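In what follows, a single structure is set out as structure tokens and then discussed.
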Amino acid sequence: MDDLIVLKNLRKIYKMGDEKIVALDDINLNIGKEEFLCLLGTSGSGKSTLLNMMAGLEKPTRGEIIVNKLHLERMNEKDLTNYRQRYIGFVFQSYNLISTLSALENVSLGLIFKGIPKSKREKMAKTMLINVGLGNRLHHKPSEMSGGQQQRVSIARAFVGDPSIVFADEPTGNLDTKTTFEIMNLITSMAKESNQTLIIVTHDTEISVYANRIVYMRDGNIEKIVANEKAEGEVV
Ligand code: ADP
Ligand code: MG
């Protein structure tokens, strides 16, 4: 399998006054295209920091982040914005939808930066919302939808631009068990359908069973990596 993401000696230190917090110590990891990877670990182990680095949301203190042969650690803010818009989709634990916009508007918004005309944007957003089962909620605002529905909107937003990589940080952290499985089945089947790389952060071992590989994190390092032969996508 070709490596899409290569991380070399990645280190991230946060300075808080006189205190230095080692969020990532020394991370080395290769991730293949079309792989579904899960970052698993307790709170504070560095999962979100690692995800944010790969998504071009934060800069490392040291080391290399190479995505599709591009060195993110060498990019300026403008290049990073461009990278995020072109290559990635992101799903957050708390959905991060814009409260004043409808589902349709939330999903189509990111396509503006791609220079896609309005009528085409709306068509793409509508198709994507139908795909995630929200064809009857196009004009609802976030506050008029359940948590599971809001997360479906945010999944539609992440996938609508057909990104190479989709990152999700605790995407089911605010959802009940039944909705968690629905959302996980949705996210994994959508990534599989379009051959996208999927990287999910979780502290929940029940979520990690979906992944091809599970990366166990501890104190800013990778403790072990376990290949999951049984990963099937759909879990019931
Ligand atoms: P996880 O997602 O596994 O819970 P994080 O990556 O969010 O862990 O955090 C790793 C460590 O880095 C924690 O000790 C956290 O307190 C610290 N940290 C994360 N973000 C910041 C920040 N912006 N400023 C200072 N410390 C941070
Ligand atoms: Mg986190």
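The values are calculated or read from the model by the stated rules, or taken from the named source; none is laboratory data. The shown structure was predicted, so the numbers you read here are calculated from the model rather than taken from an experiment. We place every Cβ from the backbone using ideal geometry, glycine too, and count neighbours over all the protein chains shown. To get the accessible areas, we keep the full protein, side chains included, count just its heavy atoms, and leave off ligands, DNA and RNA. Shrake-Rupley method; radii C 1.70, N 1.55, O 1.52, S 1.80 Å.
Would you say THR172 is farther than 26 Å from GLY56 by Cβ and either within 16 Å of ligand 1 (Cβ to nearest atom) or without any contact (Cβ under 8 Å) to a residue 12 or more places away in the chain (or both)? Against the criterion (farther than 26 Å from GLY56 by Cβ and either within 16 Å of ligand 1 (Cβ to nearest atom) or without any contact (Cβ under 8 Å) to a residue 12 or more places away in the chain (or both)), THR172 does not qualify. Just so you know, in the stretch 39-60 the residues that are small (Gly, Ala, Ser) and closer than 17 Å to ARG74 by Cα include one that is nearest to ligand 1 (Cβ to nearest atom), and it is ALA55. If you go through the stretch 13-47 and keep only what is in contact (Cβ under 8 Å) with a residue 60 or more places away in the chain and under 23 Å from ASP162 (Cα atoms), you end up with ILE31, GLY32, LYS33, GLU34, GLU35, PHE36, LEU37, CYS38, LEU39. Say whether the condition of being near ligand 1 (Cβ under 10 Å from one of its atoms) and crowded, with 20+ Cβ neighbours inside 10 Å is met by at least one residue in the stretch 4-20. Yes, that holds for at least one residue.
Table: residues versus (1) within 16 Å of ligand 2 (Cβ to nearest atom); (2) not in a loop (DSSP other than H, G, I, E, B).
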{"site": "CYS38", "(1), (2)": "yes, yes"}
{"site": "SER45", "(1), (2)": "yes, no"}
{"site": "GLU58", "(1), (2)": "yes, no"}
{"site": "ILE66", "(1), (2)": "no, yes"}
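If only residues of the stretch 205-226 that are more than 12 Å from ligand 1 (Cβ to nearest atom) and open to solvent by less than 60 Å² (accessible area, probe 1.4 Å) are counted, the one that is nearest to PHE92 (Cα to Cα) is ILE207. Mind counting the residues in the stretch 110-126 that are under 19 Å from the mean Cα position of the chain (by Cα) and at pLDDT 95 or above? Going through the stretch 110-126 one residue at a time, the tally reaches 1. Restricting the stretch 120-159 to residues that are outside any loop (DSSP other than H, G, I, E, B) and among the hydroxyl-bearing types (Ser, Thr, Tyr), the residue that is most open to solvent (accessible area, probe 1.4 Å) is SER143. One residue stands out in the stretch 79-115 among those that are more than 16 Å from ligand 1 (Cβ to nearest atom) and assigned to a strand (DSSP E or B): the one that is surrounded by the most Cβ atoms within 10 Å (Cβ to Cβ), namely GLY89. For the stretch 160-204, which positions are open to solvent by 10 Å² or more (accessible area, probe 1.4 Å), closer than 22 Å to TYR216 by Cβ and within 16 Å of ligand 2 (Cβ to nearest atom)? Within the stretch 160-204, ASP169, GLU170, THR172, GLY173, HIS203, ASP204 qualify. In the stretch 28-38, is there at least one residue being open to solvent by 30 Å² or more (accessible area, probe 1.4 Å), touching a Pro at 6+ places or on another chain (Cβ under 8 Å), among the acidic types (Asp, Glu) and away from ligand 1 (no atom under 16 Å from the Cβ)? Scanning the stretch 28-38, I find no residue that is open to solvent by 30 Å² or more (accessible area, probe 1.4 Å), touching a Pro at 6+ places or on another chain (Cβ under 8 Å), among the acidic types (Asp, Glu) and away from ligand 1 (no atom under 16 Å from the Cβ), so the answer is no.
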